[in-house]
Structures are given as structure tokens and as C-alpha cells.
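I have placed the structure first, in the form of C-alpha cells, so that the comments after it can refer back to it.
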Amino acid sequence: MQTQEGNVAIQVHGLQKSYKELKVLRGVDFDVARGSVFALLGSNGAGKTTIVRILTTLLKPDDGTLRVNGFDVVSQPALVRESISLTGQFAAVDEILTGRENLVMVAELRHVKDAGRVADDLLERFGLADAARRRVSAYSGGMRRRLDIAMSLIGNSRVIFLDEPTTGLDPEARLEVWQVIQDLAASGTTVFLTTQDLTEAEKLADRIAILHDGTIIVSGTLEELRKLLPPAKVEYVERQPTLEEIFLAIVGAGTKEQA
């Protein structure tokens, strides 16, 4: 199901990217609705990070039409960058500084008015107020990731890209980040999430796309993806297939077709 033009935050059509002889993206197509959580799933090397780097103007595509917040990624990169934020796989925080100093520094670099107030508001919002004046080197993994996401939101970005945000985190820290993502979506922020954690996608995403062999082989809501499999097996009670089962079945089928 296609989203209506005015409600689309990200549009990707015919995206292609190669590194010399290696074709990484072979014609990728998807739309992301405003204010939604969109999860892009794929195995290591599938091209998820390449898509994020292209959409955030860090890498040029070979071909395709790409728009973020209505701006063309290739011809209007500065406008795209002004309207988005990016959180990579590893927290980009300064461990020598305190949590508050990290936020103030970023706010001043982005010429945000009243940087101190903005920092304090974000610390409160992300549950870091009590640790505001502690050096980040003493933060837990979950606290660092929350601070990293808070830093990326300075400037009121309408779209946030989270590239495998819970990689390497323990279960408790992962739950903390999940709550942050749910809060962002509830506030109207569009979240583009890449992940290998199928439970994460199942928990958070409004729509899910599976990237395999350089293309999107299936996309939709969790319920729509469930309908692609045979009816749930009945043992003692009816059990719906998990997203992991859907992913493995679809990717496996795609591999067999190409063989």
C-alpha cells in the first residue's frame, strides 16, 4: 500500500549503488509515512547502512529518485541535512565531557538559541537529569545511547535515522532505547530504523521492509507480512508466526528462487 504524497517523509524509487563490480543496491523502492517507525531488516552486508548513508547525503547514489522531507537528496543535500538527524551504530559522545556539556556543545554548534535550556529539557526528557553533571565515561551503555539520540534531536529534526541503535547493548539498555524510540514516534517524529534484531522490529515498527540481495523483497505491516505465510499451526492454541519466522521463510524462499 502506497502512502499519500503529502504524508510521505521519505521516498525511495529505483535506488542503485555499486562499489566497482559489486552491486550493493539493485533498484530499491519504498516510502515512509510521516510520524511512523519504519524498520529496514537485512543480514550483515545486505546494504542497510549504505541506504542510510545515501539518504543522509553521506554517499551519492548511482541512480534513483530519493526525497527526504520533500527535498531531493542529490540536488538539495544541504536542505536534507538541515531537516534530519543521524545516530550511527556506535554512540558519538565525548566521554571527557559531562552529559550536559555534550548537549550544550552540539546546540551551540548548530546555533540553537538558549543552548543550556535546550540541554536541560533533553536531559529531563531522556531520563538523564540526575546524571547531567557526570562525565559520560561513567555512563552505562543505555545511558550513552540515550544521550546520543538526545544529541541528534537538537534542532527539532523531523526525521531521525537510527542505524542499528541497540547493537552491543544489554537487555535492560535495549529496553531503554526502545522506550525512547516509542516516545519519538508518539511525538510525531519519523523514525527510520535499521536493525538485525527481529524482535526489535516486531516491537517498534509500523511498517517493515526486508532487504535481500540488493532489493526490497517484501514490505508491509507485521500483520500483512504474517499473511504471506501459511495459516498458523494449531497445537493447543493458535500461535501466530513471529517476525523471525517470517524473515527466514521469505529470505530462504528468495534464495531458492535465485538458485
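Every number in this text was worked out from the coordinates using simple rules, so none of it is lab data. Keep in mind that this is a model prediction, so the values were computed, not measured. Ideal geometry is used to build each Cβ from the backbone, glycine not excepted, and the neighbour counts take in all protein chains shown.
Report the gain in length on full extension from GLU124 to GLU224: 0.36 nm times residue separation, minus Cα-Cα distance, nm rounded to one decimal.
32.3 nm
Run through segment 1-79 and list the trypsin sites (Lys or Arg not before Pro) located in a DSSP loop whose Cβ has at most 10 other Cβ atoms within 10 Å.
Taking segment 1-79 and a limit of 10 other Cβ atoms within 10 Å, the loop trypsin sites (Lys or Arg not before Pro) found are LYS20.
Could you check the spin-label model distance between ARG26 and SER187? Points 7 Å from the Cα along Cα→Cβ, value in nm.
With each label placed 7 Å out from Cα toward Cβ, I get 4.1 nm.
Assuming R0 = 30 Å, can you tell me the calculated FRET efficiency for the pair ARG34 and ASP170, based on Cβ-Cβ distance, to the nearest 0.05?
After rounding, the FRET efficiency stands at 0.40.
Please report Rg over Rh for segment 118-194, where both radii come from the alpha carbon positions and Rh follows the Kirkwood definition.
Rounded to two decimals, Rg over Rh is 0.94.
Mind checking the full-extension length gain between ASP114 and TYR19? Use 0.36 nm per residue of separation minus the Cα-Cα distance, one decimal, nm. Mind showing how you got there, number by number?
Numbers: separation 95, 0.36 × 95 = 34.20 nm, distance 4.39 nm.
29.8 nm is the gain from fully extending ASP114 to TYR19.
Quick check: net charge around SER219, other residues with Cβ under 14 Å of its Cβ, Lys/Arg +1 and Asp/Glu -1?
Local charge sum for SER219: -1.
Report, in degrees rounded to the nearest 10, the 0 to 90 angle that the Cα long axis of helix 99-109 makes with the longest principal axis of the chain.
90 degrees
Give the order of ARG133, ARG81 when sorted by the count of other beta carbons within 10 angstrom, beginning with the fewest.
ARG133, ARG81
From a point 7 Å beyond the Cα of THR199 in the direction of its Cβ, which residues of segment 161-181 have a backbone N at a distance under 15 Å?
Counting only backbone N, you get 166-179.
Just to be sure I understand: with springs between alpha-carbon atoms less than 10 Å apart, which residue in VAL218, VAL32, VAL112 has the highest mean-square fluctuation in the Gaussian network model of the chain?
VAL112
What relative contact order, as a whole-number percentage, does the chain give when Cα pairs under 8 Å and 6 or more residues apart are counted?
Details: 453 pairs, mean separation 62.0, N = 259.
Worked out over the chain, it gives 24 percent.
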